[in-house]
Amino acid sequence: MRTTEVALPAGAAEPIDGQIAAGVRAWVESSPLRGLVGHFGGGWPTGDLSTVLAALDDFSARHWDFRQGRERPDAQEPAFDPATVRLVRDAATALGLVRAVPPALPRYTHLLVLGGLAHACLRRTAYAAHLVQTVADISGEVAVLGSCRTLSPAESQTLADVGVHDCATEVDALDAGVRTAFGVSTPSEETGEEANHPHSAWSSRTYRPAGLPPVRVLAAPSSEPDRRRAHTADTQRFWAEHVRLRAGDPVLMVTAQIYVPFQHCDALRTLALPYGCGVDTVGVDPAPAALAGVPEPTLTPGRYLQEIRSAIRSMRALHAALPAG
């Protein structure tokens, strides 16, 4: 039997703040999340939505944070009994972390592709090319967003295993994915700025594939370069500053399905609220032939719990950004 999925906060253009708050509440207070909290020994928090979000953030930090400040591949996978594994997977499915869905509209102004680990860079750029060639009409640009994060040895090996070489950073892997998926070789425009700290550097390369919208590969700087690399919200803000994003523009965003809830809410906070644009976030569907042979990640119960925590934190930040009242 197909699990009924909990809707994410609305991403329509010029969203009404009350609708976003109601969407956050509906997801956070849903039965699947309540069931997870109870299974891991938590009582459901009382108080207004801000208080509930703060309590869930604290609870998930104690029970579902397997990264402990490390990158995702370095997270420690917990050992769970079979009943807990089933519960986590069912909850992840209901909360929107498992099943990919097609774009809601036939046309968008822009398509955003979010960066990630090396295999994700290849999968997401391949899926983006599939979408613009067969599914969605893009009138503006395809923007591929990443950072100058150095690839790990394991990521470099993943790329080498599929014949991709000479990539030192995440944005290099994204660029390689774009060149393969969109059939381009040389950017028509290239600019950027090196910095004393790698987290402060940025770059932009624009390709113009025949018969398709321009594709820009953008590496964003961190808003806190002394503390961390650029994260999702940094890349989204940096792109918005480099494109004429207008109120009412529908924007399609591509990521991995496991990250859709948290990255969708990040985009509502960094793009929809300040600019009045629409945001439709989809995960990579593995079915298209364009993804055959592209490395696929292994998803575990620990990974799902970690990203449910990410979604809680993103919804907390989104709710805090809404106007009071």
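Can you work out which of the residues in segment 142-171 that are of a type outside the set (A, V, I, L, M, F, W, C) and touching a Gly at 6+ places or on another chain (Cβ under 9 Å) is nearest to R244 (Cα to Cα)?
Ranking the candidates gives G146 first.
Residues are listed down the side, and each one gets a yes or a no for (1) surrounded by 18 or more Cβ atoms within 10 Å (Cβ to Cβ); (2) touching a Pro at 6+ places or on another chain (Cβ under 8 Å):
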| position | (1), (2) |
| --- | --- |
| D226 | no, no |
| T232 | yes, no |
| M253 | yes, no |
| G278 | yes, yes |
| V282 | yes, yes |
| P286 | no, no |
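Condition check ((1) of a type in the set (K, R); (2) more than 30 Å from G248 (Cα to Cα)) across all residues:
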position: S60; (1), (2): no, yes
position: F80; (1), (2): no, yes
position: T84; (1), (2): no, yes
position: R89; (1), (2): yes, yes
position: A92; (1), (2): no, yes
position: R99; (1), (2): yes, no
position: P102; (1), (2): no, no
position: Y108; (1), (2): no, no
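Give just the number: which of (1) at pLDDT 95 or above; (2) of a type outside the set (K, R); (3) under 26 Å from E77 (Cα atoms) does T3 not satisfy?
(1)
Just checking, does segment 200-217 include any residue being of a type in the set (S, T, N, Q) and under 13 Å from G115 (Cα atoms)?
Within segment 200-217, not a single residue is of a type in the set (S, T, N, Q) and under 13 Å from G115 (Cα atoms).
So which of G177, G183, G192, G163 is at positive phi and modelled with pLDDT of 95 or more?
After applying the criteria, what remains is G183.
How many of the residues making up segment 121-158 are in a loop (DSSP other than H, G, I, E, B), farther than 19 Å from P187 by Cβ and hydrophobic (A, V, I, L, M, F, W, C)?
3
Here's the yes/no breakdown for (1) at pLDDT below 95; (2) farther than 28 Å from L212 by Cβ; (3) assigned by TED's automatic domain parsing to the domain that holds L33; (4) surrounded by 14 or more Cβ atoms within 10 Å (Cβ to Cβ):
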| site | (1), (2), (3), (4) |
| --- | --- |
| P82 | no, yes, yes, no |
| A129 | no, no, no, yes |
| E155 | yes, no, no, yes |
| T158 | yes, no, no, yes |
| E170 | yes, no, no, yes |
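Do you know which of the residues in segment 107-120 that are at pLDDT below 95 and in a loop (DSSP other than H, G, I, E, B) is surrounded by the most Cβ atoms within 10 Å (Cβ to Cβ)?
G115
Of all residues in segment 227-249, count the ones that are at pLDDT below 85 and under 14 Å from C148 (Cα atoms).
5
Could you list, in sequence order, all residues of segment 119-154 that are small (G, A, S) and either without any contact (Cβ under 8 Å) to a residue 60 or more places away in the chain or more than 26 Å from E193 (Cα to Cα) (or both)?
A126, A128, A129, A136, S139, A154
Could you identify the single residue in V98, V88, V113, V135 that is aliphatic (A, V, I, L, M) and in contact with a strand residue (DSSP E or B) (Cβ under 6 Å, 6 or more places away or on another chain)?
V113
Given the options A136, A143, A104, A91, name the one that is farther than 30 Å from G38 by Cβ and at pLDDT 95 or above.
Every option except A143 fails the conditions.
Being closer than 21 Å to L131 by Cα, in the same structural domain as A136 (by TED's automatic domain parsing), more than 16 Å from the chain's Cα centre (by Cα) and of a type outside the set (D, E) is the requirement here; does S222 meet it?
No; evaluated as a whole, the condition is false for this residue.
Would you say A247 is among the small types (G, A, S) and either under 30 Å from E190 (Cβ atoms) or surrounded by fewer than 17 Cβ atoms within 10 Å (Cβ to Cβ) (or both)?
Here the answer is yes, as A247 does meet what is asked.
Applying the selection to segment 21-71, what residues are loosely packed, with under 15 Cβ neighbours inside 10 Å, among the hydroxyl-bearing types (S, T, Y) and either assigned to a helix (DSSP H, G or I) or in contact (Cβ under 8 Å) with a residue 24 or more places away in the chain (or both)?
Residues satisfying the conditions are S31, S50, T51.
Being surrounded by 17 or more Cβ atoms within 10 Å (Cβ to Cβ), modelled with pLDDT under 95, assigned to a loop (DSSP other than H, G, I, E, B) and in contact with a Phe, Trp or Tyr (Cβ under 8 Å, 6 or more places away or on another chain): is that true of P15 here?
Here the answer is no, as P15 does not meet what is asked.
The values are calculated or read from the model by the stated rules, or taken from the named source; none is laboratory data. A quick note: this is a predicted structure, and the numbers were derived from the prediction, not measured. Using ideal geometry, Cβ is built from the backbone for each residue, glycine included, and neighbour counts are taken over all protein chains shown.
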